[in-house]
Amino acid sequence: MGAKNLLVELFVEELPPKALKKLGESFAANLAAGLGSQGLLDAGSAATPYASPRRLAAHVTNVAAKATDKAVQQKLMPVAVALDASGQPTPALLKKLAALGADAGAVPALKRAMDGKAEALFLDSVVPGATLAEGLQTALEAALAALPIPKVMGYQLADGWRSVHFVRPAHRLVALHGADVVPVSVLGLVAGRETQGHRFEAAQPLVTLRDADSYAEQMKNEGAVIASFAERRAEIESQLRRNAEKEGLKPIEDAALLDEVTALVERPNVLTCQFEKEFLAVPQECLILTMKANQKYFPLLDAADKLTNRFLVVSNIRPADPSAVIGGNERVVRPRLADAKFFFDQDRRKSLIDRIPGLARVVYHNKLGSQGERVERVAALARAIGQALGGEALANQADRAAVLSKADLLTDMVGEFPELQGIMGRYYALHDGEPAEIADAIEDHYKPRFAGDELPRGAAGICVALADKLQTLADMFGIGQLPTGDKDPFALRRHALGLVRMLIERDLPLELAWLFDAAKLADAKVRGQLAEFIYERLAGQLREQGYSALEVDAVLAPQPQRLGDIPKRLAAVRAFASLPEAASLAAANKRVGNILKKVSPGGTAKPNAALLREPAEIALNAALAEVEPRAGAAFARGDYTASLRSLAALKTPVDDFFDRVMVNADDAALRENRLALLSELHAAMNRVADLSKLSA
């Protein structure tokens with residue numbers, strides 16, 4: 001038997017839909033990797049995953065019936081141990097050979113070679129390559145063991161005595177090498193060529209596979225199953241689009257929902273359904289969420305992205321008359337929508353402001369008090385931020401929005417659908433007569449909720465969102481609840497990134513130290529930990545945006561307080577790095593920094609011109625006196641690029657200084673004066689960024 005294509009399928013009971021895609025990919029990849037590690041694949045072999053609700057399968061090309069034999073040389077032992085004085089094999093050597101399946105007859109063929117400082121004996125042998133049955137057995141067991149299954153279940157086999165553990169009970173195993181069955185077994189199953197198709201629509205109860213390459217075609221034609229996850233997903237997507245276009249509408253886009261539905265059906269059939277228009281009086285977010293989360297339906301939107309009373313269902317059957325399926329789904333969704341309408345109507349009977357006292361009875365954290373106490377802290381911080389950004393008017397808006405921001409947590413709708421917190425707060429605030437700016441801020445204070453999410457749309461929303469995220473960070477760091485490893489139960493990394501994005505993208509004139517003061521974060525250690533945490537998140541985000549590690553390190557090393565300036569600082573550093581003088585100045589700056597770390601200037605504020613002796617130090621002082629005011633003025637007006645460019649004039653005097661001047665002079669007064677000159681140079685050069693970080 002030569003190289004042929006291989007098909008392995010495990011037929012099981014319904015697999016977890018949210019995990020199916022990963023299960024299929026893992027099974028195929030690990031099966032191929034296991035075969036490859038045993039020499040059963042060639043360079044052109046490729047694995048194709050198949051995954052449906054009731055099967056995991058893999059098709060692997062160019063699989064050998066037997067791996068090539070391998071010549072190996074095995075070290076036995078030092079010659080001094082293996083042979084006695086007369087050159088005869090010692091008992092130790094004979095015992096070693098016996099363990100390897102050889103005897104004294106192999107001694108003449110043993111090879112001598114130096115192994116370090118001693119001569120050793122080596123045995124040349126041929127290790128037979130694994131047969132496909134052996135290799136597939138090993139690879140299959142390893143692939144099943146490596147599946148990303150959070151929890152397995154135990155079940156009894158048909159004999160009633162043995163039990164096995166797997167994600168779901170397995171009923172059939174197929175293993176075909178070309179048209180030949182490979183004799184392997186797992187989970188109490190012996191491989192064959194028969195599998196089962198669709199529960200209701202297969203042409204016959206069992207599908208007998210002709211060979212490995214006929215799998216997908218036979219499953220589709222005889223089993224009524226689209227075995228490929230990717231093909232099934234594409235088919236659903238195509239049907240969704242066609243059905244929506246017939247109505248002049250568009251289906252809601254949700255990749256996760258599409259993946260989940262793909263994992264629930266084997267023969268997708270998209271049908272159009274509808275519900276009563278009276279339910280459209282309920283906020284569309286509520287209706288969309290209940291249809292997607294509870295029923296796995298695809299709501300249909302009009303050209304303005306407004307919800308309509310039509311939705312799409314992905315059925316697993318294709319009856320000639322689909323009216324019963326359509327009617328059944330319409331009946332099922334109606335109580336869900338009625339519940340949402342009931343919650344909405346009931347919630348509006350009580351205003352948000354009247355719900356505020358109830359927050360005092362909701363525990364936020366056992367060390368941080370109730371949600372009511374937390375809201376008071378957030379409101380105070382939001383008012384302070386509003387005062388700083390827009391005066392009393394914005395402070396009042398931010399305060400009001402913050403006070404109302406968590407009241408919707410006590411509504412029935414948010415109790416049923418926690419994902420709607422903030423969103424429902426906005427609807428209820430508008431119903432209560434709150435201004436649009438306040439209502440928008442209530443919804444927006446959770447933003448950005450994830451990477452790439454939009455920022456709050458208004459100034460009040462920015463104030464409350466900043467306050468909410470910063471107060472959470474300050475509170476949690478204050479009680480020592482820092483993220484560890486991949487554990488971040490309070491989403492502090494997300495809060496820090498949201499804080500960073502708002503400060504930078506809105507170019508807010510707020511410094512971190514001021515924000516920490518406004519949040520009443522007094523402990524110096526906690527302030528340091530939180531600042532470092534924020535800068536680490538910022539550094540990662542900047543690198544993802546394409547800035548080099550050197551650029552990011554240079555800008556963030558001084559920990560600039562106003563994060564809104566950072567894009568300009570990065571642009572300035574990039575422009576400076578392109579100057580011909582940059583490398584020399586960066587190296588000199590690093591040298592200056594190392595000198596100043598070891599020796600203190602002794603408190604001398606500025607160098608004394610009367611103590612400057614060498615022409616090179618006089619020239620550097622003069623150049624610095626000319627450049628520093630120009631660089632400082634550019635820095636003050638926010639022109640960081642001009643500030644750094646002006647430093648180029650210092651290259652020659654700085655190089656001459658280090659070539660001709662001994663900093664650590666024997667004369668203490670000269671030494672301190674030169675250190676003071678370097679200290680002034682260091683401060684002038686590192687105003688925008690730590691240029692030493694640009695030195696390789």
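The values are calculated or read from the model by the stated rules, or taken from the named source; none is laboratory data. From a predicted model like this one, the values you see are computed outputs, not experimental measurements. Ideal geometry is used to build each Cβ from the backbone, glycine not excepted, and the neighbour counts take in all protein chains shown. All accessible areas refer to the heavy atoms of the entire protein, side chains included, with ligands and DNA or RNA removed. Shrake-Rupley method; radii C 1.70, N 1.55, O 1.52, S 1.80 Å.
Okay, here's what the table says:
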quantity: ³J(HN,Hα) computed for each position of segment 676-688 - Karplus, 6.51 cos²θ - 1.76 cosθ + 1.60, integer Hz, glycine/proline x; calculated: 5, 4, 5, 5, 5, 4, 4, 5, 5, 6, 10, 5, 8
quantity: C-alpha center-to-center spacing [segment 115-168, segment 330-387] in angstrom; calculated: 55 Å
quantity: Sites Ala293 and Lys117, calculated FRET efficiency, Cβ-Cβ separation with R0 60 Å, nearest 0.05; calculated: 0.25
quantity: Stretchable slack from Asn396 to Ala633, in nm (0.36 nm times residue separation minus alpha-carbon distance); calculated: 81.6 nm
quantity: Accessible surface of the chain [probe 1.4 Å, protein heavy atoms]: carbon and sulfur percent; calculated: 52 percent
quantity: Out-of-range pairs (alpha-carbon distance over 19 Å; input Lys590/Lys693; Lys525/Lys590; Lys18/Lys487); calculated: Lys525/Lys590; Lys18/Lys487
quantity: Contour excess over end-to-end distance, with Cα ends at Asn62 and Ala557 and 0.36 nm allotted per residue; calculated: 172.8 nm
quantity: Val270 long-range amide H proximity, modeled H, under 5 Å; calculated: Ser315
quantity: Candidate aspartates and glutamates for bridging to Lys520, where Cα separation is under 16 Å - those fewer than 8 sequence places away on the same chain excluded; calculated: Glu373, Glu376, Asp468, Asp475, Glu511
quantity: Taking the chain and dividing mean pair separation by its residue count, relative contact order in percent (alpha carbons under 8 Å, at least six apart); calculated: 8 percent
quantity: Distance between modelled label sites at Ala203 and Ala668, nm, 7 Å Cα→Cβ extension; calculated: 10.3 nm
quantity: Average accessible area per residue (Å²) across segment 394-494 - probe 1.4 Å, nucleic acids and ligands excluded; calculated: 37 Å²
quantity: Radius of gyration, Dmax [segment 119-216; alpha carbons; angstrom]; calculated: 18.4, 73
quantity: Theoretical FRET efficiency, 1/(1+(r/R0)^6), r = Cβ-Cβ of Glu454 and Glu626, R0 45 Å, to 0.05; calculated: 0.40
quantity: Largest-first principal axis extents of the Cα set of segment 47-95 (Å); calculated: 70, 22, 14
quantity: Average accessible area per residue (Å²) across segment 139-258 - probe 1.4 Å, nucleic acids and ligands excluded; calculated: 51 Å²
quantity: Trypsin sites (Lys or Arg not before Pro) within segment 147-242, DSSP loop, no more than 11 other Cβ atoms inside 10 Å; calculated: Lys151, Arg162
quantity: Alpha carbon centroid spacing (whole Å) that separates segment 414-440 from segment 479-517; calculated: 25 Å
quantity: Cα centroid separation, segment 45-82 to segment 229-283 (Å); calculated: 43 Å
quantity: Gyration tensor over alpha-carbon atoms, segment 271-430, equivalent ellipsoid semi-axes in Å; calculated: 40, 17, 13
quantity: Diffusion constant of segment 381-471 at 4 °C, which comes from Stokes-Einstein with the Kirkwood Cα-pair radius and 1.567 mPa s, µm²/s; calculated: 102 µm²/s
quantity: P(r) of segment 113-158 over all Cα-Cα pairs, binned every 5 Å from zero, in whole percent; calculated: 5, 13, 10, 11, 12, 10, 8, 10, 9, 5, 5, 3, 0
quantity: Where Rh is the Kirkwood radius over Cα pairs, Rg/Rh for segment 414-522; calculated: 0.99
quantity: Full-extension gain in nm, Glu276 to Leu264, via 0.36 nm per residue minus C-alpha separation; calculated: 1.6 nm
quantity: Cα→Cβ-extended label distance, 7 Å offset, between Ala179 and Asp523, nm; calculated: 7.6 nm
quantity: Relative contact order (%) - criterion: Cα under 8 Å, at least six apart; region: segment 162-312; calculated: 16 percent
quantity: Sum of -39500 (n - 2.57) over DSSP H runs of 4+, divided by residues of the chain (222 nm, nearest 500); calculated: -15000 deg cm²/dmol
quantity: Accessible surface, 1.4 Å probe, highest first, among residues Ser323, Ser405, Ser86; calculated: Ser86, Ser323, Ser405
quantity: Sorted largest first, extent of segment 11-126 alpha carbons per principal axis (Å); calculated: 72, 28, 27
quantity: Karplus-derived HN-Hα couplings along segment 306-311 (A = 6.51, B = -1.76, C = 1.60, θ = phi - 60°), whole Hz, x at Gly and Pro; calculated: 8, 5, 10, 8, 10, 8
quantity: J(HN,Hα) series, segment 573-587, from Karplus relation 6.51 cos²θ - 1.76 cosθ + 1.60, nearest Hz, glycine and proline x; calculated: 5, 5, 5, 5, 5, 7, 6, x, 7, 4, 4, 5, 5, 5, 5
quantity: Coordinate range along principal axes, alpha carbons of segment 187-283, Å, largest first; calculated: 58, 28, 23
quantity: Where labels lie 7 Å past Cα in the beta-carbon direction, separation of Glu14 and Asp84 in nm; calculated: 7.6 nm
quantity: Overall form of segment 639-689 per C-alpha gyration tensor (a/c, 1.5; a/b vs b/c); calculated: oblate
quantity: Which labelled figure in [x] 29.3; [y] 32.6; [z] 27.0 is Kirkwood radius over Cα pairs in Å, once derived from the coordinates; calculated: [y]
quantity: DSSP-loop GluC sites (Glu not before Pro) across segment 1-38, with at most 15 other Cβ within 10 angstrom; calculated: Glu13, Glu14
